[in-house]
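First the structure, in the form of structure tokens, and then the observations on it.
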Amino acid sequence: MPEDPLEEYRSKRNFRRTPEPSDGERSASEAPIFVVQKHQARALHYDLRLEVDGTLKSWAVPKGPSPDPSVRRLAMPTEDHPMEYAAFEGTIPEGEYGAGAVIVWDRGSYRNLRGEKTEAEGRATMAESYEEGMVEVWLEGEKMKGGYALVRTSRGDWLLIKMKDEAAEPGRDLTADRPASVLTGRTLEEVAAGEATPP
Ligand code: MN
């Protein structure tokens, strides 16, 4: 039996109580996806998730992503999440793991930039890049665009850094400028207050 990458995810949650998905897969024929979920747990953070081999590799980014290449954002690795989680928006109940409101802050597809390099330049699959602690992706989101690097530090945390390219926006505060859900237009505060999805 292959190891179940979602074992830790499932072990932390009671699916009779939380509206979060327990499972879910997708067709491998389309471009891989990424999602960023703004999550008001005990501390506000942004969960960056990249599809790798059928699950969502995940990092919690306390300050959220920045399109400014001079800004390095701490990204703490968290457990793999199921593919279906990319569409989750709602409120995790009190007493459950990660209790609090979640919105889909950004989403789209991505390309593995290291997969496009030569052997000499350091070509790697996404799984290899994750193992090595050096991920380079080109994001096609509604808010996040262009190259982003995720680099693991000697402490085991990662840094999320915008690469220098035509999509870089020095000085831009994307989290402040574009706070709402790309799925429903709601803010995190509206979801937390229990406002329904607009028709
Ligand atoms: Mn979270």
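Residue under question is LEU74, and the condition is that it be at pLDDT 95 or above, assigned to a strand (DSSP E or B), closer than 19 Å to TRP158 by Cα and more than 10 Å from the chain's Cα centre (by Cα); does it hold?
Working: at pLDDT 95 or above: yes; assigned to a strand (DSSP E or B): yes; closer than 19 Å to TRP158 by Cα: yes; more than 10 Å from the chain's Cα centre (by Cα): yes.
The answer is yes for LEU74.
When the residues of segment 30-45 are filtered to those that are over 16 Å from ALA193 (Cα atoms) and either touching a helix residue (DSSP H, G or I) at 6+ places or on another chain (Cβ under 7 Å) or aromatic (Phe, Trp, Tyr) (or both), the one that is nearest to the ligand (Cβ to nearest atom) is VAL35. Scan segment 138-160 for residues that are closer than 19 Å to ALA127 by Cα and part of a strand (DSSP E or B) and jot them down. Correct list: TRP138, LEU139, GLY147, TYR148, ALA149, LEU150, VAL151, ARG152, TRP158, LEU159, LEU160.
Residues that are surrounded by 14 or more Cβ atoms within 10 Å (Cβ to Cβ) and more than 15 Å from the ligand (Cβ to nearest atom) within segment 51-72 comprise GLU51, VAL52, GLY54, THR55, SER66, PRO67, ASP68, PRO69, VAL71, ARG72, listed in sequence order. Number of residues in segment 109-151 that are hydroxyl-bearing (Ser, Thr, Tyr) and free of Cβ contacts under 8 Å to residues at least 60 places away in the same chain: the value is 3. ALA87 fulfils the conditions (1) within 15 Å of the ligand (Cβ to nearest atom); (2) under 21 Å from LYS145 (Cα atoms); (3) surrounded by fewer than 20 Cβ atoms within 10 Å (Cβ to Cβ); (4) not hydroxyl-bearing (Ser, Thr, Tyr) except for a single criterion, (1). Assess whether PRO82 counts as being at pLDDT below 95 and either in contact with a Ser or Thr (Cβ under 6 Å, 6 or more places away or on another chain) or not polar (S, T, N, Q) (or both). When the stated conditions are applied, PRO82 does not pass them.
Condition check ((1) surrounded by fewer than 16 Cβ atoms within 10 Å (Cβ to Cβ); (2) modelled with pLDDT of 95 or more; (3) under 19 Å from PHE34 (Cα atoms)) across all residues:
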| site | (1), (2), (3) |
| --- | --- |
| GLU131 | yes, yes, yes |
| GLU136 | no, yes, yes |
| TRP158 | no, yes, yes |
| LYS164 | yes, yes, no |
| ASP177 | yes, yes, no |
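Taking ARG10 as the residue in question, decide whether it is surrounded by fewer than 21 Cβ atoms within 10 Å (Cβ to Cβ) and within 14 Å of the ligand (Cβ to nearest atom). No.
The values are calculated or read from the model by the stated rules, or taken from the named source; none is laboratory data. None of these values were measured; they are calculated from a predicted model. All Cβ positions, glycine included, derive from the backbone under ideal geometry; neighbour counts span all protein chains shown.
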